[in-house]
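Accompanying notes for the structure given below.
No value in this document is a laboratory result; all are computed from the given coordinates. Bear in mind the structure is a predicted one, so any value in this text is a computation, not a measurement. So basically every Cβ, Gly included, is an ideal-geometry build from the backbone, and we count neighbours across all protein chains shown.
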Amino acid sequence: MTLREMAAALELTIVSDTAALDQPLAGGYVSDLLSHVMGQAKAGQVWVTMQGHQNIVAVASLVGLGAVIVTSGVEPEEQTVNKAIEQEVALCMTKLPTYEVAGRLYQLDTAGK
Amino acid sequence: MMRWFRADLHVHTVLSPCAAVEMTPRNIIRHAQAAGIDIVAITDHNAGDNVAAALRAAAGTGVAVLPGMELQTREEVHLLALFGKMRDFMKWCGFVAPHRSPLLNDEARFGPQFVVDETDELIRIEETMLLASTDLSLDEAVAQINEWGGVAIAAHVDRPMFSCLTQLGFIPPDLGLAAVEVSRNTKPGTAREKYPRIGRLPIVSSSDAHTIDDFISGPKTMFLAETPTLAELRQALTGEGGRRFRDPA
């Protein structure tokens, strides 16, 4: 399953659509503390967070994350969206709470493994 | 003529639910005078209602009070907002109030929030939950502080909670901070090495006092300036006009 298919399955709104979404789904990471994401998330993973600050783009780009999902109806700031498009970081948003996104993401990721 | 001023830029009063009842503005000023603390910034969580009492309590004591607030942004970053003029600070307080959490404080769990006068008399109890995130972003808060002539300092960046470094991973470039603060947990002179993401920003240290013991024993920052005013402290942070500052070793 690609990240794009995952986004469709979770009915996410894609606010920055990049080629990264054509990568296969390969695990996820959940945290709202960006310092932890920088230290512990792995390249290619999908990051689920409630932070909408522009630093999420820099962190995603630094770690090489597959995509960022901003949950719970938080609207990423305008600069965040602009930077994500500019730096080709895949960014999605959803009204679903983090718990539900993480649960459904885990099911998609582990199905068939 | 210039001289060294001993400053504590982060002190809580009884308006902060987590502060001890001894932290009345009058008591803080009395202890500052006795301990030779020249400059005290009053910085309660998301509110500034005890600043006026501190200013009145300090009149004639030689202790300079800076109006301030410890704002909790929506990213859960703690940010010190310091102002030189009460008029600007009141504008800031009015700006923040509608952005606070609609929840009410739970005294039993978090502690009471007292607004008092300069003689320690209770004026009222603040019912809004102050120990919660506002919906202001860090970037818009800093921009507003700077626009109204204030000084923005990222609080206790060395702590595992409510620090710009843990919440946001690094300090957003061009944010407009005047300095970052480290707590008593970091030995003076080691912060820049231990937290390289501070970059080239000036580093101050303050007590973040919630008790009189914290206030007396906690770290202070020394400023070389002509007068104990925010305008002079700002110059000292950037090393302008012969003003400078140092972390007490």
(request) Evaluate the distance, in nm, between pseudo-label points positioned 7 Å from the Cα of B:VAL21 and of A:THR13 along their respective Cα→Cβ axes. (result) 5.0 nm
(request) Determine the shape class of chain A: with a ≥ b ≥ c the square roots of the Cα gyration tensor eigenvalues, call it rounded for a/c under 1.5, and otherwise prolate if a/b is greater than b/c, oblate otherwise. (result) rounded
(message) Let me confirm one metric for peptide B:162-168, namely the mean number of other chain beta-carbon atoms within 10 Å of its residues' beta-carbons.
(response) 4
(request) Mind giving me the nanometre distance, one decimal, between the label points for B:MET161 and A:GLN23, set 7 Å out from Cα along Cα→Cβ? (result) 3.4 nm
(message) Please arrange B:ILE125, B:ILE39, A:ILE56 by how many other C-beta atoms lie within 10 Å of their C-beta, fewest to most.
(response) B:ILE125, B:ILE39, A:ILE56
(request) For region B:105-143 and region A:1-34, compute the distance between their C-alpha centroids and round to whole Å. (result) 39 Å
(message) For region B:7-118, what does the convex hull of the Cα positions come to per residue, in cubic angstrom?
(response) 99 Å³
(message) I need the calculated FRET efficiency for the pair A:GLU86 and A:LYS113, taking r as the beta carbon distance and R₀ as 30 Å, to the nearest 0.05.
(response) 0.30
(message) Mean-square fluctuation check for chain B, GNM, Cα pairs under 10 Å: which of B:GLY189, B:GLY60, B:GLY84 is largest?
(response) B:GLY60
(message) Under the √(5λ) rule applied to the eigenvalues of the Cα gyration tensor, what semi-axes describe the equivalent ellipsoid of region B:148-244? Give them in Å, descending.
(response) 21, 18, 13
(request) Could you tell me what percent of the DSSP beta bridges with both partners in the protein assembly as shown are antiparallel, to the nearest 5? (result) 50 percent
(request) Arrange B:TRP148, B:TRP4, B:TRP92 by Cβ neighbour counts within 10 Å, fewest through most, would you? (result) B:TRP4, B:TRP148, B:TRP92
(request) Treat the count of other C-beta atoms within 10 Å as a stand-in for reagent exposure and order A:HIS53, B:HIS31, B:HIS45 from fewest to most. (result) B:HIS31, B:HIS45, A:HIS53
(request) Could you check the simple spin-label distance between B:ASP120 and B:ASN146, using points 7 Å along Cα→Cβ, in nm with one decimal? (result) 4.3 nm
(request) For region B:10-48 and region A:49-91, compute the distance between their C-alpha centroids and round to whole Å. (result) 39 Å
(message) I'd like the antiparallel share, as a percent to the nearest 5, of DSSP beta bridges with both residues in region B:3-246.
(response) 60 percent
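Would you mind counting up the charge near A:GLN51? Only other residues with Cβ under 11 Å from its Cβ, with Lys and Arg at +1 and Asp and Glu at -1.
-3
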(request) Would you mind giving the mean number of other chain beta-carbons within 10 Å of the Cβ of each residue in A:45-57, as a whole number? (result) 3
(request) Give the dimensionless ratio obtained when the Cα radius of gyration of chain B is divided by 2.2 N^0.38 Å. (result) 0.93
